[in-house]
Amino acid sequence: MAPRWLILADDLTGAADCAIAFARHGQPAVVGWGEAPVPAAGAEVFAIDADSRRLSPAQAAARHRALLEARLRPGMRLVKKIDSTLRGQPAAELRATIEALRARGAGAMALVAPAFPATGRTTEGGRIHLQGVPLEATPLWARDHSYPSADLVAVLEAEGLKARLLPLDAVRGAAAEGIAAALAEGLDALVCDATRPEDLDAIARASLPFGDRVFWTGSGGIAVALATAEGGAGAAAPPSLPRAGAGGMLVVVGSVAEASRAAAARLVEAGAVRPFSLPPSLLLDAAAAERAGTAIAAALAAGEDVLVDIGAEGEADLSRGALLAGRLAAVLAPAAPHVAGLFATGGETACALLGRLGVTGIRLLDEMEPGVPLGVTLGAHAIPVMTKAGAFGTAETIARSLARLRTLLARGPAMTPDQDLGQDNRPIVAITMGDASGIGPEIIMKALAREDVYGICRPLVIGDAGRLREAGVITGGGLSVAALAKPSAARYQRGTVDCIDLGLIPPGHPFGTLSPVSGEGAYRYIERATRLVEAGEADAICTAPLSKEALHAAGHKYPGHTELLAHLTGTPEVSMMLVAPKLRVIHVTTHIGLMDAIRRIEPGLVERTIARGHATLVKSGIAEPRIGVCGINPHAGENGLFGQGEEEEKIIPAVQACRAKGWKVDGPLPADTLFFRAARGDFDLVVAMYHDQGHGPVKVMGLEAGVNITVGLPVIRTSVDHGTAFDIAGRGIADEGSLVEALRQAVDLAPRRLRPAA
C-alpha cells in the first residue's frame, strides 16, 4: 500500500521536522533522499529531501517536478515543505509544484503557512517574523536570502503566482469560508497568517475537508497541525532502538547558525565530547583531511563521544556549503563502523554524511526536543540518528538530546520469544487497572497489543483477569490473559497479557456506572502494586484512571491517586507533575480550593517543589534543567500593582534559595506568557502555584498524550492524564495514547536493574 502523505522538502532536516509530527501521532514515517528507492513498506508518510536549497530557481523547480512525477501517487495528500525563514527557492519550487499538480488535473491551490510558533517563527500581515522581530531585520536574512522582502504575497506574485492573504482575524474566525472564496477566485496560493499553534490548527481543520483541491506549503508547524487534525492512531511510543554499539556518539555541526555554534561550544565546555575542528582549508587539503579522519575514527573506536565541526575562517562562504559538506562526509566515512549514534545539524551536512555512509532512508521514531527528530537508519547497519536544523534550538539542545538518546539506548533492543534473553534489563512496570467500570481495562488491552510497548518494558497488570478478557472482546485485539498469583510466573511476551489477578470484579459487572465494587478494586490494585515495587518485584507503577467518587463510596477517603500513594508509602509531601508534548508542569498545590491554595503557599513549600522537579528532570537525563516559576497574581504582581505582595513574600525567597544552589531557576514570571515560552523551548519545567494554573495549559496542549507523574515518592509512579470516561466505557473507542506515553515516562524514570528473565 502506498503512503497516504507525501512531504516534499528542500533539505533533510526540514523533511524530518515535518514527518516526525505524523510519526508522533502513530503514523509510520520514513525520510528518504537521492535516486535510490527507499524501502518504505508499511510507511503511511514518506518525506523526500529534494536537496534543492543551494540550486538555482530553475534547477530547484526542475527537481521538484521530477520528484513529484516519480513519488506522488493518486490519493496521496501533499505537503510542500519550505524553510520557515524563506531560505532557498521556495517561490520557484511552489510554482513548479502547482504546475505539476495541475498537469495531473488537480485543483492544487497552495495554502501557504510557514509559521512555526513553537520555534519562534510567526506570520503577521503576510510577513514572516522571527522571535517577534521582522525577518528582514535579523542577521539570518542578511546572510542567506535573495528575496527583496519577507512579504509572502509579494514574493509569490513576483514568481507569477496569483496570491492573496488570509489575515489573522479570518484564520481565527472563518478560515473555511476564506479558503472556499480563494478557490472560487482561482487563486494559486492563499497566504495564511499564524502567530500561535492554535492558528495553524484552525487552518488544518478548515482545509482538510477540501481534499485534493488544496495542498499545504509550510514548515513543521503546519505538519503538526495536520497530523493532529487528521487524528491517526494516537500518540505513538517508539520501537526499541538497536543495541548500542561499542563505539562513541558522533556529533557533526555543519551549520554556521548561532544556535548550533552555541550548542557545540556548550558540549566542549562541559567536557562531554572530544572536539575536532575541521576548517575549510583542512577539508580541502587531502593529506590533512585523511589524518583528521583517521584520528576521529580512532577516538570513536575507543568509545569516545566526538564533536566535529567545520571551523569558521572569517566570514562564512555559503556558496561552498555543498562542497564542504561532501568533503566532510568523505573524511568521516572511515569512522562509520564505530558510530553508535549520530547527531547532525544542518540538512546539507546530514544528507551528505548519511549518503556517504550508504544510508538512503531513516525510519522516524520520536522527537527528542522541539525540532530534533530521532530515527533509525534503514539497512543492515542500523544506527540511531538525530537531526536538527541549524538555526533551531538553544545552547542546551544537543546536550539534552544526547542524554535522552543514551537513556533510550540503555534499554536495549526489543526482545522476541525466540531470542536467548539471558539478562533482561527492561524494567517491570506494574500497570494498575484503575476503575473497572471505566476505560482502564480497554486502554490497557489496546496498549499491550502494541509491539513497541514490549520493546521498552515488561508490563505486568495488577487487576482482574476476567475484566481484562471482557475488555479484550470489546477492543478486538486478539490477546489472551494469563491470571497470575505472583510476578515470577510472568512471561512478558506480546500476545499474552500477564495479570496479577485479585479477582474482585464479578462477571458482567456493568461498564459506565459508578460502583463501590470498582472503587474497592481500584484501591486494592494500587495497594498491591506499591507493595510489589517496595519488595523489588517491580520497578515502577503506571496507573489507569480511577473514580474519586467510587473510591469514596468504597470507604477510602482520598482525593486521588497522588494522596493515596503518599499514604501507602508514608510520604509526608509529594508533588504532581504533568507532562504533555513540549511542556512539563509541577504543582505547588493541587486538590484544594483557590483561597486555601494561596494560604498554603509559602517559601519552604515552593522551594521543596522546585527541588523535587529539579531532581526528577536530572534523573531523566536533563543535566541542568531550566525552570520557570509562575507568579500567583496577574503579571506576577507587576511589582506590587496586583495582589497583596504574595510574590515577594511567598515565591521570591524560594527562587533565590534555589539559585544559590547553582540551579537555573527564573521567576516569579507571568503565567500568561510563561507556558508559551516553555512550549517554545525556553524552559524544561514550569512550576505552577495551583491546580488550574498548571492543568489548563497542559490539557490544551496534549490531553490525548498527557502524563501525570507523582514526584517525591519512594516509588516511581506515572499515570494517564484523563479520567475514567464512563460515557464511552465499554464501547472500545477509548484512545490508549496517554497510557502508552505514561509507560514511556515510567521507563525513563525507573531504575535499571539486571534480573534473570522468567
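The table that follows gives values for the structure above.
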{"item": "Any hit, region 716-729, residues being modelled with pLDDT of 85 or more, of a type in the set (Asp, Glu) and more than 29 Å from residue 593 (Cβ to Cβ)", "result": "no"}
{"item": "Inter-residue pairs, beta-carbon under 9 Å, first aliphatic (A, V, I, L, M) and in region 514-526, second open to solvent by 30 Å² or more (accessible area, probe 1.4 Å) and in a helix (DSSP H, G or I), 6+ apart", "result": "514/549; 514/553"}
{"item": "Qualifying residue in region 628-635 (condition: assigned to a loop (DSSP other than H, G, I, E, B), at negative phi and hydrophobic (A, V, I, L, M, F, W, C))", "result": "yes"}
{"item": "Residue within region 576-586 that is closer than 30 Å to residue 645 by Cα and in a loop (DSSP other than H, G, I, E, B) present", "result": "no"}
{"item": "Per-region count, region 441-479, residues in contact with a Ser or Thr (Cβ under 9 Å, 6 or more places away or on another chain), modelled with pLDDT under 90 and more than 27 Å from residue 748 (Cβ to Cβ)", "result": "0"}
{"item": "Spans of helices (runs of 4 or more DSSP H) in region 285-394 with at least 3 residues modelled with pLDDT of 85 or more and open to solvent by less than 50 Å² (accessible area, probe 1.4 Å)", "result": "286-301"}
{"item": "Residues satisfying the stated conditions in region 676-701, i.e. at pLDDT below 90 and open to solvent by less than 20 Å² (accessible area, probe 1.4 Å)", "result": "678, 679, 681, 694, 695, 698"}
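The rows are residues; the columns are (1) among the small types (Gly, Ala, Ser); (2) surrounded by fewer than 23 Cβ atoms within 10 Å (Cβ to Cβ); (3) under 22 Å from residue 530 (Cα atoms).
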| residue | (1), (2), (3) |
| --- | --- |
| 574 | no, yes, yes |
| 578 | no, no, yes |
| 586 | no, no, no |
| 593 | yes, yes, no |
| 597 | yes, yes, no |
| 601 | no, yes, no |
| 604 | yes, yes, no |
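The values are calculated or read from the model by the stated rules, or taken from the named source; none is laboratory data. Only a predicted model underlies this, so the values are computations on that prediction, with no experimental measurement involved. Neighbour counts run over all protein chains shown; Cβ positions are idealised from the backbone, glycine included. Just the protein is used for accessible areas: all its heavy atoms, side chains included, with ligands, DNA and RNA removed. Shrake-Rupley method; radii C 1.70, N 1.55, O 1.52, S 1.80 Å.
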